[in-house]
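Below you'll find the structure, written out as structure tokens, and then a few comments.
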Amino acid sequence: MEFQCIGKSVLRTDAYDKVTGRAQFTADIKLPGMLYAKILRGEHGHAKIISIDTSEAEAMPGVKKVVTAQGCDILFGACIMDQPPLATDKVRHAGEGVAAVIAETEKQAEEAIKKIKVVYEPLPHVTDPLEAVAEGAPIIHERNHEYARVPGFPPVKGTNIFHHYKLRKGDTEKGFKEAEVTVEEDFYYPLISHVQMEPHACISWWDSPNSIHMWASTQAPFLVREIVSHMFHIPMANIKVEAPYLGGGFGGKSDVVIEPMCAYISKFVPGHPVKLVLTRKEAFTSSLVGRGMRGKIKIGAKKDGKLVAMEASLYYADGAYGDTGCNVVTASGFVATGPYEYEHCKIDCYGVYTNSPPVGAYRGYGHPEAHLMTERAMNILAEKLGMSHQELMRKNFLCDGKENALGQIIRPGNGNLYKCLEDVEGALYEKPLPAEDENFVYGRGIASFMKTPMMVPNASSGAILRMCEDGSFNISISGIEMGQGCQTVLSQIAAETLKVPLEKIHISKYVDTQHSPYDWQTVGSITTYRSGNAVIQACNRAIEKMLQSISLLYHRPVEDLKYEGEFITSRSDLNLKFESKKLAQSYLAPDGHGVGEQITSTGSHLIRNVQFPDATTGRGNCAGSWTYACEGAEVKVNKKTGDVEVTHLAIAIDLGKALNPGLARIQMLGGMMMGYGATFTEELLFDDKGRIKNANLNQYKIPKLSHVPEKFTVKFVETPDEGGPYGARCIAEHPIIGIPPAVLNAIKDATGVDLFEIPVKPKVLLEKMGGNK
């Protein structure tokens, strides 16, 4: 099929705003009467608050109010209501907000913060999830079992476990008795930071006692609205949340973070907008972090390579508050088998309270942690079986007719893993590896993965369309543009459906909960999928209205008419050629009467038949869509230092249809380098008081230009997804998932050393290699 806009690498629609500096972010907004907030942060990983003296701070120049949460009974959360806006009886992680100063300037607020005196009683703290579930561990939430929560997130009373997801298929005891070869290993994936370019920012303005206007750097303005409504018992219609451009999210802005705090403290200065912008240090210590998993996996197979059974347990260090981490735990359980079929599996995932910043969504949403375990274990199993990793993968891939662990039957439209693997193999093995020499050894590794968007079953996206008098179209959506290019791709979808040039489509740049259509959250790589379908529906409904208007005007059946973009024609009358733009605001017929109605329309999309997992087995139609991919790495290991250089990264992903190949490629490159960072450089470190030691960009190392491999390969496999817009499926988070296991498999190939945790430390690798050779 020949497309006008789909499949073209068109220029981003937000490019001009961003390269010229015209793009407005939350921190850029200035309002009359604005005040500024700074937060006093707890200095202990775990401590009782004995007293807070704010008297000196209140007397400082420019200070309007000092706010604490002493006596506050508000607890908020989307799934588990376990978090106060500021610490009440104790701090549960170093960096938690204890008090806020609101002043005329940021500098005044910063100076006043220093004058607040807090007396603490330090308590034992714990940051490792296995230590947090051990007997005698300090209990972080004594009321764990009492918190209000939505169904499906059961806590374990008297422990730090706030959620236990179980997935059961078959009988693993029977399965392992049948297995002829087994592998069992422990794994570690550290806590890491999102390091978005834009720190979290929020402005909150109570413009009346029962009405609030907010601006936020958020991926979820409608969730912010919902949480604030519940906190203060005010109608959602009275809450206006605006989301300007977002300077990077990666999931760390998809849950409420500082917005409830900002709404709470600004209520003490009604009539004044209050701006809170986190420092870079606070972005590390006082927002959301990601990962933090310790796990064990056991897999068993027949001698011919057929997988029989698997067991896995994953413990997540989900931080001081569990609400943002509970769905990550469940998602990780969904995919712990990897893209393989097992007759028997038993998976247990635990969300564990720890004295660290709360864990939330981070690009990949529990999938990277699970796949690190699965793909490393598969590599070791293949060696035990005396076959290549790729041969073992091919024997067990999920494909047409097979059943995944959730009980879903895989169909061709779910994607083609075999082609993905073939393409990565072709890229990696195009040339032979260099021979080992005095200084270096070389290796290659491959990993496959599957990814589903994690969402509530009624998560939907909307679109509102309005035709202008010149035949152009304004379209409002609520997918947040945070660098991924959703506005551009949705413009292409609209232009293709409406059969007009791309320049005639304008997608709204900002989201406003009082005027934009509802969208659950911009998460799960699902915006193009859900919003794209909503846009198509709105476009088709607009076309239907135009055809109906012409039907009334010319007294012809709608079936006789044909929409061709700029014109509407007749199938039976070649002389009928009507300019579509004349219908935008109802048409004034030659005899003086009005025909039709304004060409406005709406669309919405909900992925049908998705359900919550069964309470007993954890199974069900819980995944609305799947995306399959394979990734590969080539490494060069220094035998004298243990340093690893990645010379080639490759990915082949079945994206259904490449709507904008240029943007898709950029997403792949960025995601692979984020995976590189997790593999080699990124890890949050804590001191003996539970404080993050490397909460700055000098000590917390993200990949640099010098780390970029000399070669990238990006291949797109196109197996259309029947439910996706023009056959497209979700791809944005995916390239981060397979890089750590692919690199560790490559290190094994080069050195013979099996690694089971990241980041890779040269000293550790060198020691396992036997020291200098």
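Antiparallel DSSP bridges in segment 620-730: what percent, to the nearest 5?
Working: 10 of 17 bridges.
Around 60 percent antiparallel, to the nearest 5.
More than 14 angstrom separation, counting every C-alpha pair in segment 682-740; what % is that? Working shown, then result.
Working: 1280 of 1711 pairs.
Value for segment 682-740 (Cα pairs over 14 Å): 75 percent.
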Determine the per residue accessible area of the chain with all protein chains present and a 1.4 angstrom probe, expressed in square angstrom. 38
With bins of 10 Å, the percent of all Cα-Cα pairs of segment 1-159 per bin from 0 is 9, 24, 25, 18, 15, 7, 2, 0
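Based only on the alpha carbon positions, what is the Kirkwood hydrodynamic radius of segment 370-482, in angstrom? It would help to have the intermediate numbers written out before the result.
Details: mean 1/r = 0.0531 Å⁻¹.
Hydrodynamic radius (Kirkwood, Cα pairs) of segment 370-482 is 18.8 Å.
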Take every Cα pair under 8 Å in the chain that's 6+ residues apart, average their separations, divide by the length, and report that relative contact order as a whole percent. 15
Among ILE192, THR172, THR182, the residue whose Cα sits farthest towards the positive end of the charge dipole of segment 159-202 (+1 at Cβ of Lys and Arg, -1 at Cβ of Asp and Glu, taken about the Cα centre) is THR172
Give me the net charge for the shell around ARG22: Cβ to Cβ below 11 angstrom, other residues only, Lys and Arg +1, Asp and Glu -1. -1
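If you scale each eigenvalue of the Cα gyration tensor by 5 and take the root, what three semi-axes come out for segment 43-87, rounded to whole angstrom and sorted largest first?
Values: eigenvalues 130, 43, 16 Å².
In descending order, the three semi-axes are 26, 15, 9 Å.
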Once each part is reduced to its C-alpha centroid, what is the distance from segment 205-263 to segment 31-91 in angstrom? 18
Options MET674, PRO661, PRO725, ranked by Cα towards positive dipole end of segment 626-744, top entry (Cβ charges): MET674
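Beyond a 20 Å Cα-Cα separation, which of these cross-linked pairs lie in this structure: LYS8/LYS704; LYS298/LYS402; LYS177/LYS302?
Values: LYS8/LYS704 30 Å; LYS298/LYS402 22 Å; LYS177/LYS302 11 Å.
Violating the 20 Å limit, Cα to Cα: LYS8/LYS704; LYS298/LYS402.
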Total formal charge among the other residues, if their Cβ is under 15 angstrom from that of GLY152, Lys/Arg +1 and Asp/Glu -1: +1
Name the residue farthest towards the positive end of the dipole of the chain from the options GLN598, VAL308, ILE410, assuming +1 on Cβ of Lys and Arg, -1 on Cβ of Asp and Glu, about the Cα centre. GLN598
Roughly how far apart, in whole Å, are the Cα centres of segment 1-30 and segment 368-428? 37
Coordinate range along principal axes, alpha carbons of segment 212-269, Å, largest first: 30, 21, 16
What are the aspartates and glutamates whose alpha-carbon lies under 18 Å from the alpha-carbon of LYS117, with same-chain residues fewer than 8 places away excluded? GLU43, ASP53, GLU56, GLU58, ASP89, GLU96
Using only the Cα atoms of segment 244-319, what do you get for the radius of gyration and for Dmax, in Å? 21.6, 73
A 1.4 Å probe over the protein heavy atoms gives the chain a carbon and sulfur accessible-area percentage of 50
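When only Cα pairs under 8 Å and 6 or more residues apart are kept, what is the percent relative contact order across segment 220-308?
Relative contact order, segment 220-308: 23 percent.
Please give the net charge around PRO709, taking every other residue with its beta carbon less than 14 angstrom from that of PRO709, where Lys and Arg add +1 and Asp and Glu add -1. Before the final figure, lay out the partial values.
Details: positive: ARG444, LYS636, LYS704, LYS711; negative: GLU631, GLU634, GLU645, GLU710.
Result for the neighbourhood of PRO709: 0.
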Averaging 1/r across every pair of distinct alpha carbons in segment 414-569 and inverting yields a Kirkwood hydrodynamic radius, in angstrom, of 19.3
Sequence-distant residues sharing a close amide H with VAL126 (under 5 Å, placed H): ASN355
Give LYS346/LYS384; LYS48/LYS451; LYS18/LYS689 a once-over and call out the pairs whose C-alpha atoms are over 31 Å from each other. LYS48/LYS451; LYS18/LYS689
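Span-like helices, the chain: DSSP H, alpha-carbon axial extent 27 Å or more, mean Kyte-Doolittle 0.5 or greater, which ones?
Values: long enough: 527-554 (40 Å, 0.06); 661-680 (28 Å, 0.62).
Long hydrophobic helices here: 661-680.
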Quick one: what Rg and Dmax do you get for segment 650-767 from the alpha carbons, in Å? 17.5, 54
Descending semi-axes in Å of segment 1-81, equivalent ellipsoid built from Cα gyration tensor: 46, 23, 12
Once phi is turned into ³J(HN,Hα) by the Karplus curve 6.51 cos²θ - 1.76 cosθ + 1.60 with θ = phi - 60°, what whole-Hz value does each residue of segment 55-65 show in order, with x for glycine and proline? 4, 5, 5, 5, 8, 6, x, x, 6, 9, 6
Need one value: the accessible area of GLU634 in square angstrom, 1.4 angstrom probe, rounded to the nearest 10. 40
Which loop trypsin sites (Lys or Arg not before Pro) in segment 1-87, with loop taken from DSSP, have no more than 12 other Cβ atoms within 10 angstrom of their Cβ? ARG22, LYS30
How big is the antiparallel share of DSSP beta bridges in the chain, given as a percent to the nearest 5? 80
For the chain, size of Cβ-based charge dipole, Lys and Arg +1, Asp and Glu -1, in debye: 340
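Using helices alone, I'd like the mean residue ellipticity at 222 nm for the chain: each DSSP H run of four-plus residues gives -39500 (n - 2.57), total over residue count, nearest 500. Don't skip to the answer; put the middle values down first.
On the way: 17 runs with 184 residues, N = 773.
It lands at -7000 deg cm²/dmol.
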Given a Förster radius of 30 Å and the C-beta distance between LYS431 and PHE756 as r, what FRET efficiency does 1/(1 + (r/R0)^6) yield to the nearest 0.05? 0.50
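The values are calculated or read from the model by the stated rules, or taken from the named source; none is laboratory data. All of these numbers come straight from a predicted model, not from anything done at the bench. Cβ atoms come from the backbone with ideal geometry, glycine included; neighbour counts cover every protein chain shown. Surface accessibility is based on the protein's heavy atoms, side chains included, excluding ligands, DNA and RNA. Shrake-Rupley method; radii C 1.70, N 1.55, O 1.52, S 1.80 Å.
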